[in-house]
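The values are calculated or read from the model by the stated rules, or taken from the named source; none is laboratory data. Being a predicted model, the structure only gives us computed values, none of them experimental. So basically every Cβ, Gly included, is an ideal-geometry build from the backbone, and we count neighbours across all protein chains shown.
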Amino acid sequence: MCGFIGIYGPQGSDVALEIYEGLIAVQHRGQDAAGITTFTDSFHVKKGLGLVRDVFNERNMPRLRGALGVGHVRYPTVGAGSDEDVQPFHMVFPFGVAMAHNGNVTNFLELKERLGLSGVRIGSSCDLEVILYVFARGLEERIKPGGRISSEDVFFAVKKVYAEVKGAYSVVCILADGAMVAFRDPYGIKPICFGEKRTEEGLWYACASESVVLDVIGYTKTLDIGAGEAIYIGPDRKIITRTLSDKPHRPCIFELVYFARHDSMLDNISVYKTRRRFGEALAEQWRESGAPLPDVIIPIPDSSREAAMAMAEALGLPYREGLVKNRYIGRTFIMPSQIARTNGVRRKLNTIPLEFDGKDVCLVDDSIVRGTTSRRIVQMARDAGARRVYMAITSPPLISPCPYGIDMATKTEFVANGRSNTEIAGAIGADHLLYLDRERMNAAAQKGNPKVERFCNACFTGEYPTGDVTKEMLESIAGERCDSREKVVVESPARASMR
């Protein structure tokens, strides 16, 4: 999971400040590193480890000139997240290309080896670099030295990426020829949207991983780039789109469950309304199951707030904010080490004892991965005086690792692996636990856009829509992720605990 934005401004404009503002809006998608690359007659680059506000300042922003630019915030799913892995990436030969992405290349190691045998040295452990080289080689097949890049050349190169690069990815790039390109993987697993605005300077175009980025910087979202679709805006500033794959659209439902900001629209589905529908479905399921009614519904902030409110309304119960979040602590889900996650929970949340003391409380959360965070929060509720602690989860049990760009643990780390609901409740210390039924979850999401026939549910079922995920591939990815976490902790425990 990462966040990106690309902007193509009018001639003579500078896009860096808007990219900066866009990255702030999508900071929730990555707290490990940030970068911006712009172009005039050459590429201008500023990248670094840390939050957006820490990487950019009044000294380095002025040099990021140009009407073309891309920006990125990252958390590592492949690699340890070192300086060499910070996006965007760019090359100047044989073509000038700067690129950023969100997702994960499942055959990264295979492609890295293959490119190495052909003389290409991959200088990072970031999978974007192989996408960049495959794309550039596609252009090279079509264009003679000194030739100009056309839309057909770009679409040919994107088809090469689709043919060789497996996994899930949404990509934005700028070309030194004066163009912006964006494309989405053949199954459309990772989100990407496009928008525009008009000012006195002229027409501006932007592409981002979430619509909230466009909202914040004043763009109107005009389309969601579809599965296997590419968009090209050349020097003449005409928009050309092309569908280059015929695979079925399978967007990631976990974006709606957890990752996306609640004020975003993904594939024309409101994240906010979907999470409310999750809560309504939870209330219905709670009644049908005969579970004891709590005295109060309390969300675990932030992504479960809408669901908790809707659940409380549907059950006719009080909704209360009993857990206060420290806004200066990152998302513990995406912290790379168990030590960092454990320390982060207590720093991140504090209880309001008045809302717990002597009550049966139902805590609503979006998911349970390893169970570590849930167990500590349940104990916090008991320490605050709760008589009984129930939990309602807006998604089904997570049982399978995600090879598509979510660092969701290895199979052996899932608390739900091989356990019944009663056993999971015991493992996290809850008096009762209810997961939202998978069919109800999908129905609630699909209601936002019936044209989306199915969502990627791989983390709940182990059925991967791309059809090329093997046990060996999952073991390889899991091994690299574990190695990366250990490396981060060994090199800098303080840095790990800040993410």
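The criterion of at least 1 residues that are closer than 29 Å to residue 10 by Cα and outside the structural domain of residue 42 (by TED's automatic domain parsing) is met by none of the helices (runs of 4 or more DSSP H) falling completely within the stretch 107-190. Restricting attention to the stretch 357-380, the residues that are of a type outside the set (Asp, Glu) and in contact (Cβ under 8 Å) with a residue 60 or more places away in the chain add up to 8. Screening residue 196 against (1) in a strand (DSSP E or B); (2) in contact with a Leu (Cβ under 9 Å, 6 or more places away or on another chain); (3) under 23 Å from residue 403 (Cβ atoms); (4) of a type outside the set (Val, Ile, Thr) leaves a single unmet condition, (3). Within the set 189, 239, the sole residue that is over 21 Å from residue 20 (Cβ atoms), crowded, with 20+ Cβ neighbours inside 10 Å and touching a Phe, Trp or Tyr at 6+ places or on another chain (Cβ under 9 Å) turns out to be 189.
Rundown of residues vs (1) in contact (Cβ under 8 Å) with a residue 12 or more places away in the chain; (2) of a type outside the set (Asp, Glu); (3) on the phi < 0 side of the Ramachandran plot; (4) surrounded by fewer than 17 Cβ atoms within 10 Å (Cβ to Cβ), yes/no style:
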residue	(1), (2), (3), (4)
46	yes, yes, yes, no
51	yes, yes, yes, no
58	no, no, yes, yes
66	yes, yes, no, no
69	yes, yes, yes, no
73	yes, yes, yes, no
92	yes, yes, yes, yes
97	yes, yes, yes, no
100	yes, yes, yes, no
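Among the residues of this structure, residue 82 does not count as one that is within 27 Å of residue 225 (Cβ to Cβ), surrounded by 17 or more Cβ atoms within 10 Å (Cβ to Cβ) and either touching a residue at least 12 places away in the same chain (Cβ under 8 Å) or out of contact with any Phe, Trp or Tyr (no Cβ under 6 Å at 6 or more places or on another chain) (or both). Of all residues in the stretch 340-364, those satisfying the criterion of being modelled with pLDDT of 90 or more and touching a helix residue (DSSP H, G or I) at 6+ places or on another chain (Cβ under 7 Å) are 349, 351, 356, 361, 363, 364. Across the stretch 410-450, the qualifying residues are those that are part of a loop (DSSP other than H, G, I, E, B) and touching a Ser or Thr at 6+ places or on another chain (Cβ under 6 Å), and the one among them that is surrounded by the fewest Cβ atoms within 10 Å (Cβ to Cβ) is 448.
Count of the stretch 1-41 residues, restricted to those that are assigned to a loop (DSSP other than H, G, I, E, B) and touching a residue at least 12 places away in the same chain (Cβ under 8 Å), is 14. Tell me yes or no: at least one residue of the stretch 319-339 is within 17 Å of residue 303 (Cβ to Cβ), buried (at least 20 other Cβ atoms within 10 Å of the Cβ), at pLDDT 90 or above and in contact with a strand residue (DSSP E or B) (Cβ under 8 Å, 6 or more places away or on another chain). Yes, the stretch 319-339 contains a residue that is within 17 Å of residue 303 (Cβ to Cβ), buried (at least 20 other Cβ atoms within 10 Å of the Cβ), at pLDDT 90 or above and in contact with a strand residue (DSSP E or B) (Cβ under 8 Å, 6 or more places away or on another chain). Hey, among the residues in the stretch 2-22 that are more than 25 Å from the chain's Cα centre (by Cα) and crowded, with 17+ Cβ neighbours inside 10 Å, which one's nearest to residue 260 (Cα to Cα)? Looking at the filtered set, the residue picked out is 9. The residues of the stretch 85-101 that are of a type outside the set (Val, Ile, Thr), in a loop (DSSP other than H, G, I, E, B) and farther than 18 Å from residue 148 by Cβ, listed by number, are 87, 88. Checking each residue in the stretch 51-75 for being part of a loop (DSSP other than H, G, I, E, B) and under 24 Å from the mean Cα position of the chain (by Cα) picks out 51, 56, 75.
Yes/no matrix, rows are residues, columns are (1) at pLDDT below 95; (2) farther than 18 Å from residue 132 by Cβ:
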{"residue": "21", "(1), (2)": "no, yes"}
{"residue": "57", "(1), (2)": "no, yes"}
{"residue": "60", "(1), (2)": "no, yes"}
{"residue": "67", "(1), (2)": "no, yes"}
{"residue": "72", "(1), (2)": "no, no"}
{"residue": "79", "(1), (2)": "yes, no"}
{"residue": "88", "(1), (2)": "no, no"}
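Considering 206, 227, which residue is touching a strand residue (DSSP E or B) at 6+ places or on another chain (Cβ under 8 Å), of a type in the set (Gly, Ala, Ser), surrounded by 19 or more Cβ atoms within 10 Å (Cβ to Cβ) and part of a strand (DSSP E or B)? Answer to the selection: 206.
Checking each residue in the stretch 451-487 for being assigned to a helix (DSSP H, G or I), of a type in the set (Val, Ile, Thr) and modelled with pLDDT under 95 picks out only 477. Here is the figure for the stretch 196-210: residues that are among the hydrophobic types (A, V, I, L, M, F, W, C) and farther than 18 Å from residue 264 by Cβ total 2. Which one of 219, 232 is surrounded by 17 or more Cβ atoms within 10 Å (Cβ to Cβ), aromatic (Phe, Trp, Tyr), in contact (Cβ under 8 Å) with a residue 40 or more places away in the chain and under 30 Å from residue 176 (Cβ atoms)? Answer to the check: 232.
So that you can scan it fast, the table gives a plain yes or no per residue for (1) basic (Lys, Arg); (2) over 30 Å from residue 22 (Cβ atoms); (3) part of a helix (DSSP H, G or I); (4) free of Cβ contacts under 8 Å to residues at least 60 places away in the same chain:
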site: 274; (1), (2), (3), (4): no, no, yes, no
site: 282; (1), (2), (3), (4): no, yes, yes, no
site: 288; (1), (2), (3), (4): no, yes, yes, yes
site: 301; (1), (2), (3), (4): no, no, no, yes
site: 306; (1), (2), (3), (4): no, no, yes, yes
